[in-house]
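Where a number appears in this text, it was derived from the coordinates with a stated rule and is not lab data. Nothing here was measured: the structure is a model prediction, and the numbers come from that model. Cβ sites come from the backbone with ideal geometry, for glycine too, and all protein chains shown count toward neighbours.
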Amino acid sequence: MRAYDFAPLHRATVGFDRVADLMDRVMSTEVTNSTYPPYNIEKTGDDSYRISVAVAGFSEADLTVEQRENALVVSARKADEGEEKTYLHRGIATRAFEKRFHLADHVRVTSANHADGMLHIDLVREVPEALKPRQIQISKASDPKAIEA
């Protein structure tokens, strides 16, 4: 894995600290990220997304979905079944996991459902009205009210 130096980004930009920090975090944790459980991230609309996590062997009671600030945390812990089983082959992993997804500003979880061994989490980006582009009316320079305002 190559190490990247983001120092020039800090020297040449103002107010992009979070972007540089996010890039540093992604680059440092990319190697250590587990591929279990497998997941998909799908764009379902202009401002909507779906994360699908394969959670075969887990029930709704074993799963937890939490949104903490700009992070989505999906975790699972299988309850002890009490009886010992002897497996000849065990291909379905039901080990505990915690999967973190970093969310952009104004992205929130709208729903989560569990069906057929898949956990589907729907997200939407809702930009506040104050941050949306707005049309500015241009008035004539000879209009005294425009100058006063």
Label-point gap, in nm, between Arg100 and Ser59 - each point 7 angstrom along Cα→Cβ: 3.0
Net charge around Gly117, counting only other residues with Cβ within less than 13 Å of its Cβ (Lys, Arg = +1; Asp, Glu = -1)? -3
Could you check the spin-label model distance between Ser34 and Ala130? Points 7 Å from the Cα along Cα→Cβ, value in nm. 4.1
For segment 63-72, Karplus couplings with θ = phi - 60° (6.51, -1.76, 1.60), whole Hz, Gly/Pro x: 9, 9, 10, 10, 10, 10, 6, 9, 9, 10
With no solvent and one point per C-alpha, what does the Debye sum give as log10 I(q)/I(0) for segment 57-131 at q = 0.17, 0.20, 0.25 Å⁻¹? -0.76, -0.94, -1.23
Could I have the simple spin-label model distance between Met118 and Ala141, label points 7 Å from Cα toward Cβ, reported in nm to one decimal? 6.1
Amide H neighbours of Phe97 at under 5 Å, excluding residues fewer than 5 places away on the same chain, with H built from the backbone geometry, are Ala76
If you plug each phi of segment 85-96 into the Karplus form 6.51 cos²θ - 1.76 cosθ + 1.60 with θ = phi - 60°, what whole-Hz ³J(HN,Hα) values come out, in order, with x for Gly and Pro? 10, 9, 9, 7, 8, 10, x, 9, 7, 10, 6, 5
Show the residues, 5+ positions off or on another chain, whose built amide H is closer than 5 Å to the amide H of Leu103. Ala71, Leu72
Each residue of segment 48-59 in order: what ³J(HN,Hα) in whole Hz does its phi give by Karplus 6.51 cos²θ - 1.76 cosθ + 1.60, θ = phi - 60°, with x for Gly and Pro? 9, 9, 9, 9, 10, 10, 7, 10, 4, x, 9, 9
Sequence neighbours fewer than 8 away in the same chain don't count; with that in mind, list the lysines whose C-alpha is under 20 Å from Lys43. Lys99
